[in-house]
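Here's the structure, in structure tokens; my notes come after.
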């Protein structure tokens, strides 16, 4: 559920990224709903570049906040 206390979470990942797998597994364990977007898709890559220019995965968006790398 998206609300002020639980904003929408979007995670940009790549298939070979171990930090991406760690982060998505942590989110699942914590029961945090998220949308995963695969950066190997050129359209998704263009969307991610519009949010940031840091070449690192995973990239997380929680509401208006942007996170880089794995944070659990």
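Quick one: 10, 44, 32, 59, fewest Cβ neighbours within 10 Å first, how do they rank?
Lowest to highest Cβ neighbour count: 32, 44, 10, 59.
Can you give me the distance in nm between label points at residue 56 and residue 8, each placed 7 Å from the Cα along the Cα-to-Cβ direction?
Once both label points are built, they end up 2.5 nm from each other.
What would the Debye formula give as log10 I(q)/I(0) at q = 0.16 Å⁻¹ for the alpha-carbon point model of segment 9-68, no solvent?
-0.44
Neighbour counts of other C-beta atoms within 10 Å: give me 64, 28 arranged from fewest to most.
So the residues, fewest neighbours to most, are 64, 28.
May I ask you to compute the full-extension gain from residue 41 to residue 25, defined as 0.36 nm times their residue separation minus their alpha-carbon distance, rounded to one decimal in nm?
Numbers: separation 16, 0.36 × 16 = 5.76 nm, distance 2.14 nm.
Taking 0.36 nm per residue and subtracting the Cα distance, the gain is 3.6 nm.
Using the 10 angstrom Cβ neighbour count as an exposure proxy, how do 41, 19 rank, fewest first? Before the final figure, lay out each step's value.
Values: 41 11, 19 17.
Placing the least packed residue first, the sequence is 41, 19.
Bear in mind these aren't lab numbers, they're just calculated from the coordinates by the rules spelled out. Here the structure is a predicted model, which is why all the values come from computation and not from measurement. We place every Cβ from the backbone using ideal geometry, glycine too, and count neighbours over all the protein chains shown.
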